[in-house]
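Visitor: I have a structure I would like to understand better, so I am pasting it below and will then ask my questions one at a time.
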2 protein chains.
Amino acid sequence: MNTPHLELSFIAARLEGLEETIIFKLIDRAQFCTNLSGYERGKSGFSSDVSHSLFEIRMLHQERMDAQFGRFCVPEERPFTHDLPAPQRLVNLPDSKLHISNFDFISQAKDILTSYLELIPKICISGDDGQYGSSVEDDIYAIQSIARRIHYGALYVAESKYASDPGTYGRFIKTRDTDALMEKLTRKEVEDSIVERIRNKTISTQLFVNRVVRNAIDPDVVAEYYKEWIIPLTKKGEIAYLINRQNV
Amino acid sequence: MNTPHLELSFIAARLEGLEETIIFKLIDRAQFCTNLSGYERGKSGFSSDVSHSLFEIRMLHQERMDAQFGRFCVPEERPFTHDLPAPQRLVNLPDSKLHISNFDFISQAKDILTSYLELIPKICISGDDGQYGSSVEDDIYAIQSIARRIHYGALYVAESKYASDPGTYGRFIKTRDTDALMEKLTRKEVEDSIVERIRNKTISTQLFVNRVVRNAIDPDVVAEYYKEWIIPLTKKGEIAYLINRQNV
């Protein structure tokens with residue numbers, strides 16, 4: 001395998017580098033209360049739109065803007081909404097070396113959204129501080145950083161692993177044997193070490209935080225979120241990539 | 001003074017709480033190279049706009065979106081661009097207890113922008129990684145968090161100090177004696193302790209970072225930026241507030 005960015009060590013380093021960004025964005029969100037009104041339909045304050053929550057409207061506006069800047073031309077940037085405008089910007093991307101006709105085949109956006117909304121009450125102080133706009137703004141940045149990690153892993157880890165043993169993967173793909181694929185993809189000791197690293201990073205990032213002025217998040221909650229959602233959804237995305245891989 | 005949010009200890013705690021957010025966003029930006037093309041006019045890739053840089057176009061789109069969500073109804077959220085759309089959202093804000101007819105009187109946006117653009121090469125690795133979109137996206141989040149800190153301090157620290165000694169402040173304001181106001185506002189030992197705290201927070205946030213996969217920023221650079229820009233611009237904003245204060 002001569003393509004450096006398909007080497008597993010390169011991909012693992014990229015994934016590791018995204019961890020702090022996710023932790024930072026969750027900590028920033030946790031400086032506001034749960035602010036449940038931000039997630040209730042009809043309570044957005046937008047008189048022109050009573051059928052969506054403020055969170056949903058913010059997501060839509062953000063993705064419409066991002067689409068114009070070409071975000072979704074990038075394989076690992078999969079949107080949460082539909083019917084987005086075409087890019088207005090010419091984006092020059094290197095060949096991804098991925099073999100899939102539509103990057104959205106690997107999207108885990110629905111489950112990422114569900115899992116993220118369940119995470120909010122576990123990291124934020126319960127209650128209402130009136131800062132709905134700031135809360136949903138931070139939500140979007142956090143969920144985008146989580147989705148980037150999952151979709152990047154789904155695409156590039158899967159392609160890298162396939163390339164390391166096309167014979168075995170090809171056989172499982174042809175027989176649609178997702179159990180065998182899952183078993184072959186899984187490296188329990190690597191997953192455990194990632195979860196442990198996340199716990200340690202969340203601890204060290206907040207080691208000297210002044211808890212009188214900042215809300216600290218529970219390192220176990222972030223570790224658990226990685227274990228129960230980020231890693232499994234990445235693997236689900238990997239399976240989706242393999243099953244849809246071209247030229248097997 | 002019976003208004004809790006005008007008590008200096010409350011305001012100082014809020015300002016301290018914003019520090020990590022600024023540090024996090026600078027660290028996130030520093031994961032990309034300087035990417036100077038993102039700041040050069042005509043290189044945005046937008047065929048519809050050849051007279052602005054990608055950074056400028058992103059700022060404009062972000063602020064147009066933010067304006068619709070009501071961001072600039074908040075006193076400390078001062079925009080970097082002009083001719084923004086009206087809010088589409090009903091924003092319920094508590095009385096700010098500020099005494100100024102136009103919050104933009106205290107805006108330091110121009111100097112914040114200049115100082116931030118000078119900061120980029122001091123925190124990012126020199127070069128071009130092609131990630132222009134991500135770079136300017138992180139720029140906007142970083143510069144917004146810096147501006148929030150400066151403008152919040154400018155408005156509320158100034159009002160709080162005025163309220164603690166309206167006689168003396170009123171005299172200096174009436175004679176437009178900005179030197180005397182600056183002297184009365186300045187508490188060197190507090191400023192020094194903030195700068196030192198920033199240095200320590202930047203160190204502790206990155207204490208266990210894996211420098212093989214993440215670029216770490218220099219704690220002295222962030223401390224220096226606070227000392228040379230954030231604190232002085234906050235005080236410039238405080239003077240602007242006092243000079244424009246109503247009912248002196």
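Visitor: Output the residue which, of all residues in region A:175-185 that are in contact (Cβ under 8 Å) with a residue 12 or more places away in the chain and open to solvent by less than 50 Å² (accessible area, probe 1.4 Å), is nearest to the other protein chains (Cβ to nearest Cβ).
Guide: A:LEU185
Visitor: From the set of residues in region A:85-106 that are in contact (Cβ under 8 Å) with a residue 60 or more places away in the chain and part of a helix (DSSP H, G or I), which is least open to solvent (accessible area, probe 1.4 Å)?
Guide: So the residue we want is A:ILE106.
Visitor: Considering each of A:PHE24, A:PHE46 in turn, give the residue that is within 11 Å of another protein chain (Cβ to nearest Cβ), without any contact (Cβ under 8 Å) to a residue 12 or more places away in the chain and within 30 Å of B:PRO87 (Cβ to Cβ).
Guide: The match here is A:PHE46.
Visitor: Determine the pairs where a residue that is away from chain A (no Cβ under 14 Å), located within region B:186-203, has a partner that is open to solvent by 70 Å² or more (accessible area, probe 1.4 Å) with Cβ atoms under 6 Å apart, the partner being 6 or more residues away or on another chain.
Guide: Qualifying pairs under 6 Å: B:VAL195/B:LYS227.
Visitor: Would you check if A:GLY17 is in a helix (DSSP H, G or I) and free of Cβ contacts under 8 Å to residues at least 12 places away in the same chain?
Guide: yes
Visitor: Scan region A:147-174 for residues that are among the charged types (D, E, K, R), farther than 13 Å from A:GLN246 by Cα and in a helix (DSSP H, G or I) and report the count.
Guide: Residues that pass the stated criteria total 4.
Visitor: So which residues in region A:107-118 are within 22 Å of B:SER134 (Cα to Cα) and touching a residue at least 40 places away in the same chain (Cβ under 8 Å)?
Guide: Residues satisfying the conditions are A:SER107, A:GLN108, A:ILE112.
Visitor: For region A:229-248, enumerate the residues that are touching a residue at least 12 places away in the same chain (Cβ under 8 Å), open to solvent by 20 Å² or more (accessible area, probe 1.4 Å) and of a type outside the set (A, V, I, L, M, F, W, C).
Guide: Result: A:LYS235, A:LYS236, A:ASN244, A:ARG245, A:GLN246, A:ASN247.
Visitor: May I ask you to verify whether B:ARG41 is touching a residue at least 12 places away in the same chain (Cβ under 8 Å), in a loop (DSSP other than H, G, I, E, B) and open to solvent by 50 Å² or more (accessible area, probe 1.4 Å)?
Guide: yes
Visitor: If a residue has to be within 23 Å of A:ALA154 (Cβ to Cβ) and surrounded by 17 or more Cβ atoms within 10 Å (Cβ to Cβ) to count, how many in region A:201-226 make the cut?
Guide: Matching residues across region A:201-226 total 5.
The values are calculated or read from the model by the stated rules, or taken from the named source; none is laboratory data. Keep in mind that this is a model prediction, so the values were computed, not measured. Neighbour counts are summed over all protein chains in view; Cβ atoms, including those assigned to glycine, are modelled from backbone coordinates with ideal geometry. Just so you know, the surface numbers come from the protein's heavy atoms only, side chains and all, with ligands and any DNA or RNA stripped out. Shrake-Rupley method; radii C 1.70, N 1.55, O 1.52, S 1.80 Å.
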